[in-house]
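In what follows, a structure is listed as structure tokens, so that the remarks can point back to it.
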Amino acid sequence: MAASMRLLVRRAVRLSHRNITLTAAGAAARSGCCRGPSVCRCFSDEAEDRSTHFGFETVSETEKAKRVYKVFENVAQKYDIMNDAMSLGIHRVWKDALLHVMHPQPGAQLLDVAGGTGDIAFRFLEYIRLQEERQKRRAARSSQTPSWQDISNNYSTEDESRESRAVVCDINKEMLKVGKQKADSLGVSAGLSWVVGDAEELPFDDDQFDIYTIAFGIRNVTHIDQALQEALRVLKPGGRFMCLEFSKVNNPILSSIYDAYSFQMIPVIGEVIAGDWKSYQYLVESIRKFPNQEEFKGMIEDAGFYCVKYYNLTGGVVALHSGFKL
């Protein structure tokens with residue numbers, strides 16, 4: 001309830017700011033004090049719905065949001081199969097690398113945004129389970145000849161322990177539906193929840209999560225800067241932002257092979273497996289429109305994160321960005 005109220009308040013504040021801007025714009029126009037093209041552009045009728053890119057097309061922001069939703073609605077049922085087919089299974093290695101770098105500990109609270117079919121959440125919960133088993137084995141070995149300090153530590157650990165949980169948040173109901181079906185088939189339910197939500201206006205209170213992940217989703221967001229600010233808001237102080245996304249290949253030979261494969265093969269695979277050429281043509285184009293590693297690093301820093309770094313995977317086909325909220 002509190003999260004819903006805060007979401008309404010944020011929307012009201014955003015609308016009031018927009019109204020103030022438009023009122024000021026009207027006054028400026030009447031007084032003839034327009035100072036340049038960049039300012040004048042904000043005062044035009046386009047201010048309500050600016051243009052952006054949808055792949056290589058230029059569309060309105062509203063139109064992009066609708067089209068992106070439709071893309072993932074169309075591909076939801078074949079999404080996981082297509083990931084294996086398009087990446088030749090390498091996406092699994094990239095996601096495992098994300099968990100290895102994350103190295104979450106028992107009790108961690110994860111928010112996986114654009115998490116749709118649950119790949120990151122399932123890996124997170126399995127990683128936590130293995131960590132808990134290791135801790136129990138260590139405790140069992142040490143309890144054979146425990147010291148008073150060990151006994152004291154065990155009691156305090158039991159008192160302070162909390163269950164890890166993973167919240168999968170996605171704007172697309174069809175993707176979440178597929179994720180829930182996967183969870184049921186895998187028998188995974190403890191510590192896992194599914195929430196319909198927009199990355200640009202997350203339905204959560206401030207300072208709620210230890211880790212925020214978004215894998216192959218942020219390039220589909222209309223306002224990336226806004227999504228990054230929301231990530232910062234919902235993370236606890238000391239929390240970690242992690243983004244896995246297609247990026248820029250630096251090796252010229254690998255880059256030419258990658259481009260040829262992307263444009264000539266992926267849409268064809270999409271047509272054969274999912275019966276959808278256009279959606280996968282968009283996905284290929286959207287990768288080329290996304291900022292490169294250094295540019296995206298700068299955007300994360302501008303949002304307020306610290307210690308931002310990135311790791312190139314498969315020669316830069318994918319980059320893993322990480323930053324902390326201090």
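Observations on the model:
- In terms of the mean number of neighbouring beta-carbon atoms within 10 Å, the peptides 88-101, 236-249 order highest first as 236-249, 88-101.
- Counting charges near Met86 (Lys, Arg +1; Asp, Glu -1) among other residues having Cβ under 13 Å from its Cβ returns a value of -2.
- Flagged links, alpha-carbon separation over 21 Å, of Lys136/Lys182; Lys95/Lys180; Lys66/Lys325: Lys136/Lys182; Lys66/Lys325
- Whole-Hz couplings from phi, Karplus 6.51/-1.76/1.60, listed for the stretch 95-110; x for Gly and Pro: 5, 5, 5, 4, 5, 5, 5, 4, 6, x, 10, x, x, 5, 10, 10
- Using C-alpha pairs under 8 Å with a sequence gap of at least 6, the mean separation divided by the residue count of the stretch 169-284 gives a relative contact order of 20 percent.
- Amide H contacts of Arg50: Glu61, each under 5 Å away and 5 or more positions distant or on a separate chain (H built 1.01 Å from N in the peptide plane; Pro and chain starts excluded).
- Computed extension length for Ile90-Asp184: 31.4 nm, one decimal, from 0.36 nm per residue of separation with the Cα-Cα distance subtracted.
- With every protein chain in place, the stretch 176-313: carbon and sulfur % of accessible area (1.4 Å): 54 percent
- Distance violations [Cα-Cα > 22 Å] among Lys78/Lys278; Lys64/Lys173; Lys173/Lys248; Lys64/Lys278: Lys173/Lys248
- Residues whose placed amide H lies under 5 Å from that of Phe209, excluding near-sequence neighbours: Leu235, Lys236
The values are calculated or read from the model by the stated rules, or taken from the named source; none is laboratory data. Since we're looking at a predicted model, the values are computed, not measured. Don't worry about glycine lacking a Cβ; one is built from the backbone with ideal geometry, like all the others, and counts go over all protein chains shown. Ligands, DNA and RNA are stripped out before the accessible areas are found, and what is left, the full protein with its side chains, is counted by its heavy atoms. Shrake-Rupley method; radii C 1.70, N 1.55, O 1.52, S 1.80 Å.
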